[in-house]
1. So if I check each of Thr317, Thr263, Thr330, which one is at pLDDT below 95 and crowded, with 18+ Cβ neighbours inside 10 Å?
2. Give the residue that is modelled with the highest pLDDT, with candidates limited to residues of the range 102-116 that are away from the ligand (no atom under 11 Å from the Cβ) and hydroxyl-bearing (Ser, Thr, Tyr).
3. Considering only the range 62-80, state which residues are assigned to a helix (DSSP H, G or I) and within 10 Å of the ligand (Cβ to nearest atom).
4. Scanning for something surrounded by 13 or more Cβ atoms within 10 Å (Cβ to Cβ), within 12 Å of the ligand (Cβ to nearest atom) and part of a helix (DSSP H, G or I), does the range 117-128 turn up at least one residue?
5. On the basis of being part of a strand (DSSP E or B) and in contact with a Pro (Cβ under 6 Å, 6 or more places away or on another chain), does Val42 make the cut?
6. Does Pro133 count as under 21 Å from the mean Cα position of the chain (by Cα) and farther than 30 Å from Phe200 by Cβ?
7. Scan the range 210-256 for residues that are aromatic (Phe, Trp, Tyr) and within 23 Å of Leu172 (Cα to Cα) and jot them down.
Amino acid sequence: MTTASPPMPKAPGSWPLLGHAIPLLRDNLAFIASLRAYGPLVEIRLQPQQPTVVVNDPALIRTMLVDAAPTLDKGRFFEKMGQLLGDSVVTAAGTEHVRKRRQLQPAFRQTEITRYVDLMREQVTAALADWRPGQVLDVREVMVKLSLDMLASTVFSGSIDGHAFQRLRRDLSVVMNGVGTRIMLPDWAERLPLPANRRFTAARDAVRATIDAAVAELRASERDTGDMLSLLLRATDEYTGRPLTSYQICSEILTLAVAGTETTASVLSWILYELARAPEIDARLQTELTDVLGERPVTFDDLPRLPYLNRVIQEATRLHHTGWLVTRRTLEPLRLGDWDIPAGTELAYCQHALHRDPSLFPDPLTFDPDRWLDTAQPPPTGAFLPFGAGKHKCIGDRFALTELATAIATITREIRLELPPGRTVQPVARATVRPRTLLMTVRPRERAGAAAGA
Ligand code: HEM
C-alpha cells in the first residue's frame, strides 16, 4: 500500500499571467539550478495555469525516463520543437516513436559509424585549412558550421548543395534561439505580432523549404546517394505501406540537423575552451595523441586507444551539458517517490543542474577528466545522463562521441586555440546550453614542444 503524498514544494516568484517567465528570462540556468534546494520534486509554472513538476532526484529521474516511460508523453519542450520539426522521432511517443526510430536506426549502426570517421575527419581538415594563425574565431559559430558539415557529409551527403547549406545554417540558428525562448514564455506570447515571432516563422518556413527542395530533387533524379535522405525516400510507412511523404522525410531530416548540430557544437566549443584554460590537460592530451597516432591522422580503430581524450569528452558532457529542460507528460496517474502525480502533469529535469550538483559530483565546477578514473565510486544511478536513458535515449550517442573524438584529435594536433588571459565564458541556455560568446585566437601547434612539455 502506498502512503498519501506529502505537499509538493512550490518555487516562489510565479506571477498570475506569466508563471515563472520573469526569473526564467532573467537567468534560466540559475533559476533551474536554484530548484535543487527544494528536494526530490518541486513545482514551477511555465504555463500560468499548469504546473510543471521538476524532478531533481537522480533515482526518480531514472524512474521517469526508464520505468515510467510507457505511460508518458514527451511534454512541452518537445511540443515546442514540434512547431519547428513537425512530427518526428524526437516529438513522437508510443508505437509511433518506435516506428520512427526504427526507420532512422540503420544510419547509426556500428558499421556505419566506422565508415563515418574518415568523412568526419575530412570535414575537420577542410575547416582547419580556412583558419589562419592569429585569426580570432567565434568558436561556437565555427563549431556549429563544422558539426553541420560532419552530419551532412555522413548522414545526408551529396543530397544538399553548398548554397542550401549556408542558408540552412543561418535559418536554423534563428529557429533554435526561437524554440529556446518559446519554452520559457506562456503560449499567448507567441501569438503577439512581434519582430522576433515573425523572424522565427520566416526562418522555420525557410528551413523546411530548403530541405523540401532537396527531397524533391533527389526524388526526381532517382539517385541513391546511400545516405539518410535516400534511405528515407525508400522507406515505407509500416501502417499504410506507402512511401513517406516529403513532409515526413523533411521532419526527420530537420530533427537530425537540430538534435545533432547545436549539441555537438556546444560540447566541442567547451572542450576547446577548457583545453585553453588548463595547459596541463592540453599537454597530457597531446602526449597521448602523439604516443598513439605518431604522425598519422586519427582513424576509427584509434578511438578506444585514446582513454585520456575519452575522459576529456566525458567530463565536458558532465560539466557543460547542453540540456536544461527535458520534459515529459503523464498520460495516467503516476507514483513518483512519495508523490502521486495526476494524469496530464508536465514533468521536467535539467541535466545541466544535475551534473553540477555538489552532492553528486565533488568540486562540480572544476573541469577534471581524472574524476572518471575513480571507478570505485561512480556517480549514483541517474546522476550522469549525458545522452538520457530509456527508450528516448539519444539515437546519435555513438555518432556524437565519435565526431567529438575525431574533431578534437584532428584540430588540437594542428592548432591551439587561445583565450585572452583570465577570460571566463558563461553558459547561456536557449534551445540548448551553450557558451555565450567564445572568441579564441588560432595559434599553430608546435608538436615537439607539446610532447616534451607533457
Ligand atoms: C554531444 C552531443 C549530443 C548530446 C549531449 C545529446 C543528448 C541527447 C539527449 C539527452 C537525448 C534524450 C532526450 C530525451 O530524453 O527526450 C537525445 C535524444 C536524441 N538525440 Fe541526441 N545528443 C547529442 C548528439 C546527437 C546527434 C549527433 C544526433 C544525430 C545525428 C542526435 C539525435 C538525437 C535524436 C534523434 C534524439 C531523439 C531520440 C528518441 O526520442 O528516440 N543527438 N540526445
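The values are calculated or read from the model by the stated rules, or taken from the named source; none is laboratory data. Small disclaimer: the values here were computed from a predicted structure and weren't measured. In this analysis, Cβ positions are derived from the backbone assuming ideal geometry, glycine residues included, and neighbour counts consider all displayed protein chains.
1. Only one candidate qualifies: Thr263.
2. Thr114
3. In the first step, residues of the range 62-80 are kept if they are assigned to a helix (DSSP H, G or I); the result is 62-67, 69-71, 76-80.
Listed by number, the residues that qualify are Met64, Leu65, Ala69, Phe77, Phe78.
4. Taking the range 117-128 first, the residues surrounded by 13 or more Cβ atoms within 10 Å (Cβ to Cβ) are 117-125, 127-128.
Checking which are within 12 Å of the ligand (Cβ to nearest atom) leaves us with 120.
Still in the running and part of a helix (DSSP H, G or I): 120.
Yes, the range 117-128 contains a residue that is surrounded by 13 or more Cβ atoms within 10 Å (Cβ to Cβ), within 12 Å of the ligand (Cβ to nearest atom) and part of a helix (DSSP H, G or I).
5. It is true that Val42 is part of a strand (DSSP E or B) and in contact with a Pro (Cβ under 6 Å, 6 or more places away or on another chain).
6. no
7. Taking the range 210-256 and keeping what is aromatic (Phe, Trp, Tyr), we get 239, 247.
Matches in the range 210-256: Tyr247 only.
Conditions tested, residue by residue: (1) farther than 30 Å from Glu346 by Cα; (2) polar (S, T, N, Q); (3) within 16 Å of the ligand (Cβ to nearest atom); (4) outside any helix (DSSP H, G or I).
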position: Pro193; (1), (2), (3), (4): no, no, no, yes
position: Val215; (1), (2), (3), (4): yes, no, no, no
position: Leu229; (1), (2), (3), (4): yes, no, yes, no
position: Cys250; (1), (2), (3), (4): no, no, yes, no
